[in-house]
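The values are calculated or read from the model by the stated rules, or taken from the named source; none is laboratory data. Predicted, not measured: the structure shown is a model, and the values here were computed from it. Neighbour counts run over all protein chains shown; Cβ positions are idealised from the backbone, glycine included. For the accessible areas, the whole protein counts, side chains as well, though only heavy atoms, and no ligand, DNA or RNA atoms are used. Shrake-Rupley method; radii C 1.70, N 1.55, O 1.52, S 1.80 Å.
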Amino acid sequence: MKLRVLVIDANETRAAGTQAALAAEGCIVLTPPPAPMPPLADLVQALRPDAVLIEMDNPNRDALEQAQILQPGGRGAPILLFAPGGDEEAVAEALRAGVSAYAAPGVDFGKVKPLLDLAIAHFRAFSTLKAELAAAQRSLADRKLIERAKGIVMRERGCEEEEAYRHLRRLAMDRGQRLSEIAQQIITVAELLSK
């Protein structure tokens, strides 16, 4: 399957060279409409590229904020940024903003495809980590709810922890709901009755 790459560069001569190099590598090159260019997130949503290659002479805060919108987890896409001033702080800021790979301009066109592959791999790895973190946070939040609900059931029924847990599980099974949903309902009722 051919890689679909959105190329964004205000320098038309440089953009043409990049586009030709990508086409020679077998990529499908996507270009934004003529000025005024829509927001990057809108372009990505409309064109659905596999990666975005941005070349700019001076990465500014607006450009980095637009890149941040494309971070994994949403309608994102990996971003390869070619920009000068690749000092440690500039690179760190770009990576925090969601840029998947950062390179100094003037890279040999033959190395653009491997850099895109790197950006895509980095984006996918970050997406996986983000999804795992979200799942772990949900699991922890669910466990906290269940512990609170068990405490309420223990207090109201005068039972031990194991029996309270069995009661919650039975309610969840009978109602066809997740244990955390039942726990939240019990907590909500207890809060309403305590007022």
Cut-off under 5 Å, modelled amide H: who pairs with PHE82 long-range: ILE54, GLU55, MET56, ALA103
Scan around ARG4 for amide H atoms under 5 Å from its own, H built in the peptide plane at 1.01 Å from N, and keep only partners 5 or more places away or cross-chain. ILE28, ASP50, ALA51
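Given R₀ = 30 Å, what would the calculated FRET efficiency be for THR188 paired with GLU132, taking r from the Cβ atoms and rounding to 0.05? Present the calculation step by step, with values, prior to reporting the outcome.
Values: r = 29 Å, r/R0 = 0.97.
The calculated FRET efficiency here is 0.55.
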Mind ordering 111-122, 136-147 by average Cβ neighbours within 10 Å, highest first? 111-122, 136-147
Quick one: Karplus J couplings for region 114-130, per residue in order, coefficients 6.51, -1.76, 1.60, θ = phi - 60°, nearest Hz, x for Gly and Pro? x, 5, 5, 4, 5, 4, 5, 4, 5, 4, 5, 5, 5, 4, 5, 4, 5
Can you work out ³J(HN,Hα) from phi for every residue in region 26-35, in order, using Karplus 6.51 cos²θ - 1.76 cosθ + 1.60 and θ = phi - 60°, giving whole Hz and x for Gly and Pro? x, 7, 8, 8, 10, 10, x, x, x, 3
Using the Cα centre of the chain as origin and beta-carbon charges of +1 (Lys, Arg) and -1 (Asp, Glu), tell me which of VAL112, ILE146, VAL99 is placed farthest towards the positive end of the dipole. ILE146
Report, ordered by chain and residue number, the lysines lying within cross-link reach of LYS113, taken as a straight Cα distance under 21 Å and ignoring same-chain residues fewer than 8 apart. LYS2
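222 nm [θ] for the chain, helices only, -39500 (n - 2.57) per DSSP H run of 4+, per residue, to 500? Mind showing how you got there, number by number?
Numbers: 7 runs with 115 residues, N = 195.
Rounded to the nearest 500, it is -19500 deg cm²/dmol.
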Charge tally in the Cβ shell below 14 Å around ASP9, where Lys, Arg are +1 and Asp, Glu are -1, ASP9 excluded: -2
Hey, any idea what % of the chain's accessible area is carbon plus sulfur with a 1.4 Å probe? 54 percent
With a cut-off of 15 Å, note down the residues of region 27-52 whose backbone N falls inside the zone around a label point 7 Å from the Cα of LYS2 toward its beta carbon. 27-31, 49-51
Dividing the mean separation of Cα pairs under 8 Å (6+ apart) by the residue count of the chain yields a relative contact order in percent of 15 percent
Excluding residues fewer than 8 places away in the same chain, name every one of the lysines whose C-alpha is closer than 29 Å to that of LYS144. LYS130, LYS195
